[in-house]
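Colleague: Just passing along the structure, written as structure tokens.
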Amino acid sequence: MDDEKILGILKNFVGEKTTFKKISEDLGLDKDFLINEIFRLDTEKKLSYLALGDGKIRIGAILNQDSIEKTNLKKPKQTTRMIKISCMNWRDCPGATDKSKKNSEGLIFRISSRSLYKIINSTSILKCPACSSIVEYDKSSLPLGEDGETIVSKKRID
Ligand SMILES: [Zn+2]
């Protein structure tokens, strides 16, 4: 995404008290990506913003604001984050491939982060659909919860 596009989008928020979270949700952009972009654009003096604390911000102005075309916000489609799940029984799992075995993984499959969250907070245990062995999930792919911790950090699958 080039600067003009980002600035065109951010123009929608000029003067408004908003949050990084709200902007990223409205745009369907990753929040950390957005924050980095806003920091960078601020450093490059392409925009100015005010941090109001608690994640609240106000975008004060955008460089050459009048010449930047405002990009209309389309409500982004809700993107589903798919979490990678790996069977740990790589030696015997019928779903293992040569490649997965190299990483000591059996069957690899993906489920939505929402589903994973619900399973973890239930009394059920997620098992490999091919061999019913224990599975591990890729924690680096988990989205952050409201409290800033990963949504499943409170309770583990394994
Ligand atoms: Zn398996």
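Colleague: Rounded, prolate or oblate: which fits segment 3-62, taking a ≥ b ≥ c as square roots of the Cα gyration tensor eigenvalues, rounded meaning a/c under 1.5, else prolate when a/b beats b/c?
Modeller: rounded
Colleague: Find which of G8, T43, A61 sits farthest along the positive direction of the dipole of segment 3-62, computed with +1 on the beta-carbon of Lys and Arg, -1 on that of Asp and Glu, about the Cα centre.
Modeller: A61
Colleague: What is the dipole size for segment 3-62, taken about its Cα centre, with +1 at each Lys and Arg Cβ and -1 at each Asp and Glu Cβ, in debye to the nearest 20? Show your work: numbers first, answer last.
Modeller: Working: 11 positive and 11 negative charges, 44 e Å.
Value, rounded to 20: 200 debye.
Colleague: Another question, if that's okay. Which FRET efficiency, nearest 0.05, do E16 and T43 yield, Cβ-Cβ r, R0 30 Å?
Modeller: For E16 and T43, the calculated efficiency is 0.85.
Colleague: Going down the list K17/K70; K11/K31; K5/K139; K11/K46; K46/K70, which pairs span over 20 Å between their C-alpha atoms?
Modeller: Numbers: K17/K70 18 Å; K11/K31 17 Å; K5/K139 32 Å; K11/K46 12 Å; K46/K70 15 Å.
Table pairs above 20 Å Cα-Cα are K5/K139.
Colleague: Give me the aspartates and glutamates in straight-line cross-link reach of K101: C-alpha distance below 14 Å, same-chain residues under 8 apart excluded.
Modeller: D92
Colleague: Continuing with this model, one more query. Which of the three applies to segment 47-142, rounded, prolate or oblate, going by the alpha-carbon gyration tensor with a ≥ b ≥ c and a/c under 1.5 meaning rounded?
Modeller: Working: a/c = 3.44, a/b = 2.71, b/c = 1.27.
The shape class here is prolate.
Each value in this text was obtained by applying a stated rule to the coordinates, not by laboratory testing. Here the structure is a predicted model, which means the values were calculated and not measured. No Cβ is skipped: glycine too gets one built from the backbone with ideal geometry, and neighbour counts run over all protein chains shown.
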